[in-house]
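In what follows, a single structure is set out as structure tokens and then discussed.
The values are calculated or read from the model by the stated rules, or taken from the named source; none is laboratory data. Computed from a predicted model, the values in this text were never measured in an experiment. Counting neighbours? That spans all protein chains shown, and the Cβs are built from the backbone with ideal geometry, glycine included. Ligands, DNA and RNA are excluded from the accessible area calculation, which covers all protein heavy atoms including side chains. Shrake-Rupley method; radii C 1.70, N 1.55, O 1.52, S 1.80 Å.
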Amino acid sequence: MKPCTARGRISEISGVPTSGMATVALKIIAQDQSQRSAGGAIYIDPAHTFDPEYAARCGLELSQLVLVRPYDIEQALAILVDFVLSGGVSCLV
């Protein structure tokens, strides 16, 4: 795979349900982890739909992933802001 060229930018992945958006996001995290980037990968899961078995099949190192399951969207946004402002994150989904 080519190195990620969107580093430091916001990218939106959109599509209809079951179109592969989550798979693309998981593959991006796996690529980031394989490059041993400084900072960690964080997955914010407000819908509580994260499947660790599928994520592992996509190549994620689950031991190196921070999974956040907020109570609601407001809490998810607050957590998102905190992580972005901390500067120690290499990949945030």
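Note down the Stokes-Einstein diffusion coefficient of the chain in µm²/s, whole number, using a Kirkwood radius over alpha carbon pairs, 25 °C, and 0.890 mPa s. D = 178 µm²/s. Residues in the chain average 70 Å² of solvent-accessible surface per residue, probe 1.4 Å, ligands and nucleic acids excluded.
Between V68 and S14, the distance separating the two model label sites (each 7 Å from Cα on the Cα→Cβ line) works out to 2.3 nm.
Phi angles of segment 65-77 translate, via the Karplus equation with coefficients 6.51, -1.76, 1.60 and θ = phi - 60°, into HN-Hα couplings of 10, 9, 9, 10, 10, x, 6, 8, 5, 4, 5, 4, 5 Hz per residue; Gly and Pro are given as x. Computed in the context of the full set of protein chains, the accessible area of segment 32-93 at 1.4 Å probe radius has 57% of its extent on carbon or sulfur. Annotation: extensible slack from T23 through S86 equals 20.0 nm (criterion: 0.36 nm per residue apart, minus Cα-Cα distance).
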